[in-house]
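*Asks:* Pasting a structure here, questions to come.
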């Protein structure tokens, strides 16, 4: 299941906002039993590592690290955030 | 003669900071008309810029961030009496709302790719002011957020009147002994001041982005601690060390070349 992050805003910053977004995502993901969960950054202007870390940590805790992935993007803030979090986007 | 006078005017403005024409008239002993003629020429030549209108017009050196108001607010030993609404963000929501306006700087040459990084860097620093100080403000809550594009340079200043980096981190790492070690730790090691959370990669991200490009720089000051990163870090350091007092909270200045 693809999660369009632009639904949560175009500038995605701060841990509290990331925590809230992750909670909201879980509501949509209830119907995605067993499917891979792909985070889609298309349409997002900027993402901070704090926001992304909150989202990835919360989703991976519930659905497992292998199921939650980040789709490829050229957005530099996403690329740099993933580097510092220690996560790779899909090739 | 004209060049000499203009050089003298520039020196006075550099030395005194934002300067009114009436002060230049007094110091140089030449007519107001002549001063205004020189100032107009210097603005056209890109040496200086004006702020304010009418009798409150001040002139300052072009390309500089103009930190006087931010520093007065940040360094004041007592609660600041002036808290301009356009600069002070008392809540995270206000800060986030103002951050969204930074797309405005694409008109000054900020590239879309760079905008995503500038927003993320400013967002991390600004949100840190709230994450680390909620319930621990000395007086005014929130942060000072000021941006300025001048002569192909984007300056961003974010400051707070919180507990400072050292007090914020000491709970997570008691081996930190002073302000300087605390600042270096904050920017270079993954540690969270919000113990027992195992986080704290925000400022590491900031340092990586700033050091990852040629035309970027940052300096941060908290208590007696001072660090700078990036090729333009020295410029930022020079600007925030013009003021002698040490901030109890933190002040961060970063510079992004628009050319």
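*Asks:* Suppose the filter is farther than 23 Å from residue B:16 by Cα, in contact (Cβ under 8 Å) with a residue 60 or more places away in the chain, surrounded by fewer than 19 Cβ atoms within 10 Å (Cβ to Cβ) and away from chain A (no Cβ under 13 Å); does residue B:152 pass it? Even if it seems obvious, please write down each step before you answer.
*Replies:* Numbers: farther than 23 Å from residue B:16 by Cα: yes; in contact (Cβ under 8 Å) with a residue 60 or more places away in the chain: yes; surrounded by fewer than 19 Cβ atoms within 10 Å (Cβ to Cβ): yes; away from chain A (no Cβ under 13 Å): yes.
It is true that residue B:152 is farther than 23 Å from residue B:16 by Cα, in contact (Cβ under 8 Å) with a residue 60 or more places away in the chain, surrounded by fewer than 19 Cβ atoms within 10 Å (Cβ to Cβ) and away from chain A (no Cβ under 13 Å).
*Asks:* Count, please, the residues in segment A:62-89 that happen to be more than 13 Å from every other protein chain (Cβ to nearest Cβ) and assigned to a helix (DSSP H, G or I).
*Replies:* Looking only at that region, the number is 2.
*Asks:* From the list B:80, B:84, pick out the single residue that is touching a residue at least 12 places away in the same chain (Cβ under 8 Å), part of a loop (DSSP other than H, G, I, E, B) and either at positive phi or under 17 Å from the mean Cα position of the chain (by Cα) (or both).
*Replies:* Values: B:80 fails: either at positive phi or under 17 Å from the mean Cα position of the chain (by Cα) (or both).
Only one candidate passes the filter, namely B:84.
*Asks:* Something else about it: So, in segment A:6-47, exactly how many residues are away from every other protein chain (no Cβ under 14 Å) and part of a strand (DSSP E or B)?
*Replies:* Adding up the residues that qualify gives 4.
*Asks:* List every residue pair whose Cβ atoms sit under 6 Å apart, with the two residues 6 or more apart in sequence or on different chains, where the first one lies in segment A:1-25 and is surrounded by fewer than 17 Cβ atoms within 10 Å (Cβ to Cβ) and the second, anywhere, is modelled with pLDDT of 95 or more and part of a loop (DSSP other than H, G, I, E, B).
*Replies:* A:6/A:43; A:6/A:44; A:10/A:44; A:10/A:45
*Asks:* Quick one: which of B:138, B:98 is over 19 Å from the mean Cα position of the chain (by Cα), closer than 25 Å to residue B:243 by Cβ and not assigned by TED's automatic domain parsing to the domain that holds residue B:12?
*Replies:* B:138
*Asks:* Can you confirm whether residue B:122 is surrounded by 22 or more Cβ atoms within 10 Å (Cβ to Cβ) and more than 11 Å from chain A (Cβ to nearest Cβ)? Please lay out each step first, then the result.
*Replies:* Values: surrounded by 22 or more Cβ atoms within 10 Å (Cβ to Cβ): yes; more than 11 Å from chain A (Cβ to nearest Cβ): no.
No; evaluated as a whole, the condition is false for this residue.
*Asks:* Taking the conditions exactly as written (in a helix (DSSP H, G or I) and assigned by TED's automatic domain parsing to the domain that holds residue B:133), does residue B:42 satisfy them or not?
*Replies:* For residue B:42, the condition - in a helix (DSSP H, G or I) and assigned by TED's automatic domain parsing to the domain that holds residue B:133 - is not met.
*Asks:* Quick one: residue B:163 ticks every box in (1) more than 14 Å from chain A (Cβ to nearest Cβ); (2) within 29 Å of residue B:185 (Cβ to Cβ); (3) touching a helix residue (DSSP H, G or I) at 6+ places or on another chain (Cβ under 8 Å) except a single one, so which number is it?
*Replies:* (3)
*Asks:* Only one residue in B:103, B:142, B:162 is under 27 Å from residue B:214 (Cα atoms) and either buried (at least 23 other Cβ atoms within 10 Å of the Cβ) or modelled with pLDDT of 90 or more (or both), so which one is that? Talk me through it step by step, then tell me what you get.
*Replies:* Working: B:142 fails: under 27 Å from residue B:214 (Cα atoms); B:162 fails: under 27 Å from residue B:214 (Cα atoms).
Result: B:103 is the single residue among B:103, B:142, B:162 that is under 27 Å from residue B:214 (Cα atoms) and either buried (at least 23 other Cβ atoms within 10 Å of the Cβ) or modelled with pLDDT of 90 or more (or both).
*Asks:* Right, next: If only one of B:23, B:7 is more than 26 Å from residue B:253 (Cβ to Cβ) and either at pLDDT below 90 or surrounded by 14 or more Cβ atoms within 10 Å (Cβ to Cβ) (or both), which one is it?
*Replies:* Among B:23, B:7, only B:23 is more than 26 Å from residue B:253 (Cβ to Cβ) and either at pLDDT below 90 or surrounded by 14 or more Cβ atoms within 10 Å (Cβ to Cβ) (or both).
The values are calculated or read from the model by the stated rules, or taken from the named source; none is laboratory data. All values derive from a computational prediction rather than experimental measurement. Here the Cβ is made from the backbone with ideal geometry for all residues, glycine too, and neighbour counts use every protein chain on show.
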